[in-house]
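Structure first, commentary second.
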Amino acid sequence: MNAPIPNSFRTQPDAQGHFGQFGGRYVAETLMPLILDLETEYRKAKVDPAFQAEFDDLLEHYVGRPSPLYFAPRLTEELGGAQVWFKRDELNHTGAHKINNCIGQILLAIRMGKTRIIAETGAGQHGVATATVCARFGLPCVIFMGATDVARQAPNVFRMKLLGAEVVPVTAGAATLKDAMNEALRDWVANVHDTFYIIGTAAGPHPYPELVRDFQSVIGKEARAQMLERVGRLPDLLVAAIGGGSNSIGLFHPFLDDPSVKMLGVEAAGHGLDKLHAASLAGGRPGVLHGNKTYLLQDEDGQILEGHSISAGLDYPGIGPEHAWLKENGRVEYTSVTDTEALDGFQLLCRTEGIIPALEPAHAIAAVKKVAPTMPKDSIILANLCGRGDKDIFSVAEHLGVKL
Amino acid sequence: MTPTSSGTASGRLSAAFAKGHPALVCFVTAGDGPTPAILDALVEGGADVIELGMPFTDPMADGPAIQLANLRSLGAGTKTADILKMATDFRARHPDVPLVLMGYANPMITRGAEWFAAAAAKAGVDGVICVDIPPEEDGELGPYLRSAGIAPIRLATPTTDAARLPAVLEGSSGFLYYVSVAGITGKQSAALTSIEDAVARIKQTAQIPVAVGFGVRTPEQAGPIAKVADGVVVGSAIVDLVAEHGENAAGPVRDLVSALANAVHSARKVEA
């Protein structure tokens, strides 16, 4: 908290891709020229009205945006405090927020003349979204997925295959998201001439954290306008789950310079912060992995530890660098909830609102459950419902001891 | 080479490239197999520069051979302190053979880059290759290495164009490691003509020796590369022998390195 308070929280990263001490471009030399090309191309696209128009058109007619802003009356009543509202990004085509970013990145890939797409995936939502946009634009697609995740996310694996993607199970390490990202980077290094890597979260080497944030910021821009239209004021608190942090930064970023809006990022505490978990901010310290400097779960020698969460989308041992920066300057508060609390949040939303959430936003719901009762009844919480739970019913059933 | 220049960090590396023949650079992963005996075997076989790999949980630029070596080493409990001890002991046994640590950024900076540079210098390390710190992020480690008298050795690749090369060379010393294929370690090798062209292009700008690696496994491959470069780097082929022979790897490693050294050293005479 020693860093000076900036005039605006919305001007990061700097020209070198740093968010304070975080972010940057820690990649092998082979990738460096491509990363620089990508940045140049993104700068041009960002100010090209035709690019923005195509992005907006696809979001409206293909993804189904804007997603609704929904007041949850029975949940609000049950919690007995602040009004709870949801940004319904689980209603997007493919069932999660991931598609917003994939649309943006595939348009960039096409702009750059790349003819082959690769991606990593944890829960499979980003893999499905990538396979979807590849089918839409007729580009070959290879998805790297940890073998452990392939087993626990079988429906999404089948979806990706239906969409024409090749799914490569990665057996290295714990065979989860981090290992899938390593393998995607290896593929990219060997195929830089024709391949575009669609990174799924607001992490990785610059300019990925920035461009993923920008594409996902449609969530917060819409929500801000919808709130003003519906209730005539901004929410008091934003809540979103964090793995790498793309849905949360997408919601938070357009509100960062609204001082009345508090923000709460929710990490996965797994079995508990003193046991196996995936809460990089709560239990990690700064280091370098996957192209950026950020908070990492690591041992005293800097070896990376495996994250654990009931949610395959959250068990990553790092976090996007902008979140690391927002933690250090105190603009966003970060907390964590356990697997058990997330399962409770999952069932709570099913029961009170008739919405089956993904296990990732179930973490945000669990945090809302804790904080809403402490807030006055005229205050407003806006939580991001970043994915739907169809993909998770098998693992939830297993955790609840139900045989399907 | 002057008598006073050997026995120091910069002196050992420059001496290795001033022997009147191309240099053989050999890589092995620390803590995978009997590392001290393997290091001795590399020297006995005729390696001119030793790269000691620091294992990392997430070796993103490495192919299966070195990935597995990293996991075997970490699985056996190798710590940074153990690697520094291996270096210290190596320096005591081989006062004149240059030793380079090669690895990824996080284990190098996790206690502070200043700590790492000082510890490596104390252990007699001559150079450091950090795979995932490009010139753009040099401030993370480079200044601390240079202050400690350790050469930051950078990588150039087929994607490093003429406009970018000066930035790669700026602030690097010891030698330039030319990665001959855009890919990960141990995979396919590049065509000789493309290596020759690339080295010729780099040497127009580079004031330091250029060693070529990635995908070089046999004396038959190494010899022709040594004709056009100042040095040849062999890694995965040695690591594969360690995987195959485990505790008994030193003998087979010595035999391979000896054959590689014959091919590299006899490829051509160079002005010392």
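Ignoring everything except DSSP H segments at least 4 long, calculate the 222 nm mean residue ellipticity for chain B; use -39,500 (n - 2.57) per segment, divide by total residues, nearest 500.
Result for chain B: -13000 deg cm²/dmol, rounded to the nearest 500.
About the Cα centre of chain A, how large is the charge dipole given +1 on each Lys and Arg Cβ and -1 on each Asp and Glu Cβ? Please answer in debye to the nearest 20.
The calculation lands at about 600 debye.
What order do you get for B:Y144, A:Y26, A:Y316 when you list them from fewest to most C-beta neighbours inside 10 Å?
Working: B:Y144 23, A:Y26 27, A:Y316 31.
So the residues, fewest neighbours to most, are B:Y144, A:Y26, A:Y316.
Find the cysteines in chain A that fail to meet the 4.7 Å Cβ criterion with every other cysteine, and list them.
Within chain A, the cysteines lacking a partner Cβ under 4.7 Å are A:C102, A:C350, A:C386.
Return the subset of A:K44/A:K327; A:K46/A:K178; B:K19/B:K269; A:K98/A:K161; A:K262/A:K369 for which the Cα-Cα distance in this structure is over 20 Å, preserving the input order.
Over 20 Å apart, Cα to Cα: A:K44/A:K327; A:K46/A:K178.
Taking the Cα centre of the stretch A:7-113 as the origin and placing charges on Cβ (Lys, Arg +1; Asp, Glu -1), which of A:A45, A:G23, A:N100 is farthest toward the positive end of the dipole?
Result: A:G23, furthest along the dipole toward the positive end.
Can you pull out the GluC sites (Glu not before Pro) in the stretch A:293-327 that DSSP calls coil and that have at most 12 other Cβ atoms within 10 Å? Numbers along the way, then the final one.
Working: sites: A:E300, A:E306, A:E322; in loops: A:E300, A:E306.
Here the GluC sites (Glu not before Pro) that fit, given the DSSP loop and packing criteria, are A:E300.
What's the average, rounded to a whole number, of partner chain beta-carbon atoms within 10 Å of each residue's beta-carbon in A:183-190?
Values: counts 2, 1, 5, 11, 2, 2, 10, 7.
Across the residues of A:183-190, the mean count of other-chain Cβ atoms within 10 Å is 5.
Among A:Q216, A:V192, A:Q226, whose Cα projects farthest towards the positive end of the dipole of the stretch A:179-237, with charges put on the beta-carbon of Lys, Arg (+1) and Asp, Glu (-1)?
Result: A:Q226.
Only bridges with both residues in the protein assembly as shown count here: give the DSSP antiparallel percent, nearest 5.
20 percent
Measure out, as a whole number of angstrom, how far apart the alpha-carbon centroids of the stretch B:114-191 and the stretch A:211-225 sit.
39 Å
Bin all alpha-carbon pair distances of the protein assembly as shown at 10 Å intervals from 0 and give each bin's fraction as a whole percent.
Computed distribution, short to long bins: 3, 16, 26, 23, 16, 10, 5, 1, 0.
Lysines near B:K85 by alpha-carbon distance under 22 Å, same-chain residues fewer than 8 away left out - which ones?
Partners found: B:K122.
State the answer as a single residue: which of B:A18, B:V100, B:G223 lies farthest towards the positive end of the charge dipole of the stretch B:9-265, with beta carbon charges of +1 for Lys and Arg and -1 for Asp and Glu, about the Cα centre.
Farthest along the dipole direction, towards plus: B:A18.
Give me the dipole magnitude in Debye, nearest 20, for chain B about the Cα centre, with unit charges on the beta carbon: positive for Lys and Arg, negative for Asp and Glu. Please list the in-between numbers first.
Details: 20 positive and 28 negative charges, 89 e Å.
Dipole magnitude for chain B comes out near 420 debye.
Pairs of alpha-carbon atoms within less than 8 angstrom and 6+ residues apart define the contacts here; what relative contact order does the stretch B:9-265 have, in percent? Don't skip to the end; give the middle numbers.
Numbers: 516 pairs, mean separation 68.1, N = 257.
Answer for the stretch B:9-265 is 27 percent.
Under 17 Å from the Cα of B:K203, which lysines turn up, not counting those fewer than eight places away in the same chain?
Straight-line reach from B:K203, under 17 Å: B:K227.
How big is chain B along each principal axis, measuring the range of its Cα positions in Å and listing the largest first?
43, 40, 40 Å, listed from the longest principal axis down.
Values quoted throughout were computed directly from the atomic coordinates according to the rules given, and no laboratory measurement underlies them. All figures in this text were calculated on a predicted structure; none of them were measured in a lab. Counting neighbours? That spans all protein chains shown, and the Cβs are built from the backbone with ideal geometry, glycine included.
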